[in-house]
1. At 1.4 Å probe size, put F283, F359 in order of accessible surface, largest to smallest.
2. Quick check: residue separation of R353 and H165 times 0.36 nm, minus the Cα distance between them. What number comes out in nm?
3. Would you work out if segment 144-240 is rounded, prolate or oblate? Take a ≥ b ≥ c from the square roots of the eigenvalues of the alpha-carbon gyration tensor; rounded if a/c is under 1.5, else prolate when a/b is larger than b/c, oblate otherwise.
4. Within the chain, what whole-number % of the accessible surface is contributed by carbon and sulfur, with the 1.4 Å probe and all protein chains included in the calculation?
5. Can you give me the accessible area per residue for segment 93-181, using a 1.4 Å probe, in Å²?
6. Helix-only mean residue ellipticity at 222 nm, the chain, DSSP H runs n ≥ 4 weighted -39,500 (n - 2.57), per residue, nearest 500. What is it?
7. Kirkwood Rh over Cα pairs of segment 299-362 into Stokes-Einstein at 10 °C, 1.306 mPa s: D in µm²/s?
8. Quick one: what does P(r) look like for segment 31-139 with 10 Å bins over all Cα pairs, in whole %?
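The values are calculated or read from the model by the stated rules, or taken from the named source; none is laboratory data. Worth saying up front: this structure is predicted, and the values here are computed from it rather than measured. Neighbour counts run over all protein chains shown; Cβ positions are idealised from the backbone, glycine included. Remember, those area values only see protein heavy atoms, side chains included, never the ligands or the DNA or RNA. Shrake-Rupley method; radii C 1.70, N 1.55, O 1.52, S 1.80 Å.
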Amino acid sequence: MAVTPWPMNVAVWRPAVMGEADDADDEVIAELREKAARLETLETQLRALEQEREDLLDSKQRMSSELDQYQKRLTEWEWFFEHSVQMLCIAGLDGYFKRVNAAFADTLGYSKEELLSRPILDFVHPDDTAKTIRELEGLGVGRNSISFENHYRAGDGSWRRIAWHCPAVTDVTTKLFAVARDVTEDRRKEEAILYKASHDSLTGLHNRAAFEESLERAIAQQRRTRKGEVVLYLVDLDGFKAVNDQYGHMAGDHLLQVISERLRTIQRAADMVARVGGDEFVFLADGDTEATGICPYKPLAERIIGQVSEPIELNDGIVTVNCSVGISTLPGTADDASSLMVQADQAMYATKRSGKNGFRKFDPSLTR
């Protein structure tokens with residue numbers, strides 16, 4: 001069998017030399033290590049990105065949940081603000097309302113737009129403007145407003161008395177959050193109670209309790225200032241019982257009302273006139289009398305007598321009554337409220353004994 005010769009142009013395989021194979025393997029291993037290291041880095045980065053994605057998803061869920069909670073609270077607050085039966089408002093230190101609720105607008109009788117478009121002081125009574133400005137200034141420097149009251153003009157032109165509760169401005173907010181109450185009717189009731197407690201129900205004059213309080217106050221002031229004097233005129237009607245007996249108690253009540261109104265017309269700014277008994281009245285005056293001389297108390301006493309002595313028309317006729325007036329002073333013969341009353345009473349009865357329809361100032365001879 002003939003043997004085919006190996007082509008001359010074909011390389012003949014032969015085993016590599018040992019050193020050359022090692023070098024080639026080292027290169028491959030180095031490349032593998034490099035790729036493995038890069039792969040590990042990529043895997044680490046991938047895990048980090050996956051974790052970051054998970055964290056972002058968790059954060060998104062938390063944020064979404066928190067936003068839902070905030071939105072719910074905001075909705076609840078808005079509902080509470082708008083539907084509260086209390087008058088709620090938010091104001092700025094620039095003197096304008098920023099928000100008012102329905103109760104606030106309805107109570108004052110304005111639209112919300114009207115209240116927000118005008119300065120707060122436009123609604124405040126002129127007599128309360130200065131104190132309202134002081135209150136606002138106090139809120140701006142950290143002083144709470146707890147029981148402040150002022151008068152607000154309502155949409156119908158009437159004045160409403162408003163009570164305020166407003167914490168001061170803090171570093172957290174520069175706005176004022178206030179709760180207001182319309183206390184107009186409450187104050188009217190209180191004033192009516194106080195009026196009844198201090199005024200005579202028949203005549204509308206001050207009653208004995210109010211007179212005694214004013215008398216003590218006048219005496220205390222005189223002792224404190226050492227100026228002027230306290231002058232007491234005790235007025236007792238002459239002939240009132242006869243009118244009651246002849247015409248009846250309703251006629252007597254009418255007579256007392258007419259005389260009370262007449263006494264009120266001659267009352268000076270510093271005087272007080274009161275009904276202290278059935279047909280007894282008092283004038284409490286200071287010592288700055290309008291005349292000087294032997295009897296500086298004569299002008300007022302004569303005006304009292306003149307007013308009482310004017311005829312009074314009743315349903316069944318015209319009647320005339322007179323009065324006896326006793327005068328006492330402090331300091332002078334009296335040294336306290338009790339002695340002032342006693343001495344005026346003694347002087348009044350001395351007038352009655354001497355013929356009535358006149359006046360007399362107390363002097364020590366009346367006690368002898």
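1. On the way: F283 0, F359 60 Å².
Output order, biggest surface exposure first: F359, F283.
2. Taking 0.36 nm per residue and subtracting the Cα distance, the gain is 61.4 nm.
3. Values: a/c = 4.16, a/b = 1.94, b/c = 2.15.
Cα axes put segment 144-240 in the oblate bin.
4. Numbers: 12570 of 23260 Å².
Its accessible area is 54 percent carbon and sulfur atoms.
5. Numbers: 4830 Å² over 89 residues.
Each residue of segment 93-181 exposes 54 Å² on average to a 1.4 Å probe.
6. Values: 10 runs with 178 residues, N = 368.
So the calculated ellipticity at 222 nm is -16500 deg cm²/dmol.
7. Numbers: Rh = 12.8 Å.
Result for D is 125 µm²/s.
8. For segment 31-139, the pair-distance distribution reads 12, 22, 18, 11, 10, 9, 8, 6, 2, 0.
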